[in-house]
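Below: the structure, in structure tokens.
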Amino acid sequence: MKRVLSLFILILIAGLPVFGQADIGISGSVEWDSMLIKATVTLDLSSAGLRLPAGRTQAESILRTGYTTLIQPGILSLRVDSSSTVADLIERGEFTLAEIDILANSANSVAPALSPDMRYMFTTHTISIANLSSALLRHIRPSPVLRTLNPVSTAQYTGIIIIASDELPVHGMRSTAMPIPCLFPKIWDSDMNLIYDRNMLETGKTVMVKYSTTQNIFQNNPSGLSPELREIAGDRPLRIFARGVFGINPTDLIIDRNDALLIISSEENRRLLSQGKVAIILNQSVLVTNY
């Protein structure tokens, strides 16, 4: 955490000469269910000594520069896996600030607009978290999904849905924790065999799991799924209740060994993992973070 804060401070200090006395701020949210970072950057025109229409071009320039600087802390704090944030990757030399700039500049942006009282100019930006996931998936060939020497009879499913919307026991500890999202969660069985990790994804896949809420698995249709979940898990998914969480942070899920066998006992079901046809149902409170 200290390393993350140090990076935040360095970024903000670097931006001070550009902003001068201008009152510029950022607000927004990280939305794991839609895999989007949403941000609004707002400039107080009078604090920058700008008046319209003459100062419009300069105001837009300050907003562009301000966005690039102010969005970086939000990206740095994104959780990659149980033990690492993006800031940790940079600290270890596995990612760079230049790559963060590329991600920030890939945002879908709306042209600057004025507040009704004409005192503020603001812009909105939307970044795909999937683009970050894609940048971090660097394996050339996927690792094989675990097989079993004693397969069980299993149906052919169209996807896998793991329900983990409540607090769960923490493996190896006498406590519980609410599962939280990350880019690359691992899935273990109750014997602590690794069932799924990011290296098992087929090359070209950009997202490991789809996060969603319980309301999207109780829809009024034959599958019970929302259109977004049906796109991932199909009409006949295997539904599993997580039995626990594991890891430095509670991002990794533990499922019962019997449920794991239903997945790894057939080639078709193992392929669901390698194709990323996995959805994790989490509590709404952990899926959206405002800043």
TODO: Considering every residue within region 69-90, establish whether at least one is of a type outside the set (Ser, Thr, Tyr), assigned to a helix (DSSP H, G or I), over 20 Å from the mean Cα position of the chain (by Cα) and at negative phi.
DONE: no
- [ ] Would you tally the residues in region 97-128 being within 20 Å of residue 69 (Cβ to Cβ) and not in a strand (DSSP E or B)?
- [x] 11
Open item on the list: As an exercise: evaluate residue 60 against (1) in a loop (DSSP other than H, G, I, E, B); (2) at pLDDT below 90; (3) of a type in the set (Asp, Glu) and give the number of the one condition it does not meet.
Closed with: (1)
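Looking at 128, 115, which is the one that is within 30 Å of residue 22 (Cα to Cα), buried (at least 16 other Cβ atoms within 10 Å of the Cβ), among the polar types (S, T, N, Q) and not assigned by TED's automatic domain parsing to the domain that holds residue 281? Before you say what the answer is, go through the steps one by one.
Working: 115 fails: buried (at least 16 other Cβ atoms within 10 Å of the Cβ).
On inspection, the qualifying residue turns out to be 128.
One line per residue, one yes/no per condition, for (1) at pLDDT 95 or above; (2) among the hydrophobic types (A, V, I, L, M, F, W, C):
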site	(1), (2)
208	yes, yes
212	yes, no
222	no, no
233	yes, yes
252	yes, no
268	yes, no
280	yes, yes
291	no, no
Open item on the list: Checking residue 177 against (1) hydrophobic (A, V, I, L, M, F, W, C); (2) over 17 Å from the mean Cα position of the chain (by Cα); (3) more than 16 Å from residue 83 (Cα to Cα), only one condition comes out false. Which one?
Closed with: (3)
- [ ] Quick one: in region 63-83, of everything that is small (Gly, Ala, Ser) and touching a helix residue (DSSP H, G or I) at 6+ places or on another chain (Cβ under 8 Å), which residue is modelled with the highest pLDDT?
- [x] 77
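So is residue 94 assigned to a helix (DSSP H, G or I), of a type in the set (Asp, Glu) and surrounded by fewer than 18 Cβ atoms within 10 Å (Cβ to Cβ) or not?
No: the conditions fail for residue 94.
The values are calculated or read from the model by the stated rules, or taken from the named source; none is laboratory data. Note that the structure is a prediction, hence the values are computed from the model and not measured. Heads up, the Cβs are rebuilt from the backbone with ideal geometry, glycines too, and the neighbour counts pull from every protein chain shown.
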